[in-house]
Amino acid sequence: MKTNQNSHKLASIAGWLSFALLILYFSNIAVGKYMHINKIGIVAPINGVSEFLLFGLIIISFSICALIREGTEQKAG
């Protein structure tokens, strides 16, 4: 029972982390568009390799959340 609670907590943290990072990713795109429209700059604040790594972290944390939740549901059912 304790491991199930720990798994649920880890899945919850990974899910919220992926959501927060996704909001950051979309905000970065919006700020970049705003900067480009107002001729402040032509690139977003987070660009290049950093943006790619951010997107990779979103994928990894969402995958962790989904796989843990799927594993705990199969054990319960």
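Every number in this text was worked out from the coordinates using simple rules, so none of it is lab data. In this text, all values refer to a predicted model and were calculated from it rather than measured experimentally. A quick note on method: Cβ atoms are made from the backbone with ideal geometry, for glycine too, and the neighbour counts reach across all protein chains shown.
Order of 12-19, 38-45, 66-73 by packing, highest average Cβ count within 10 Å first?
Listed from highest to lowest mean packing, they are 12-19, 66-73, 38-45.
So what are the three principal axis dimensions of the chain from its Cα atoms, in whole Å, longest to shortest?
56, 18, 17
Suppose every Lys and Arg Cβ carries +1 and every Asp and Glu Cβ carries -1, with no other charges. What dipole size does the chain come out with about its Cα centre, to the nearest 20 debye?
With Lys and Arg at +1 and Asp and Glu at -1, about 140 debye.
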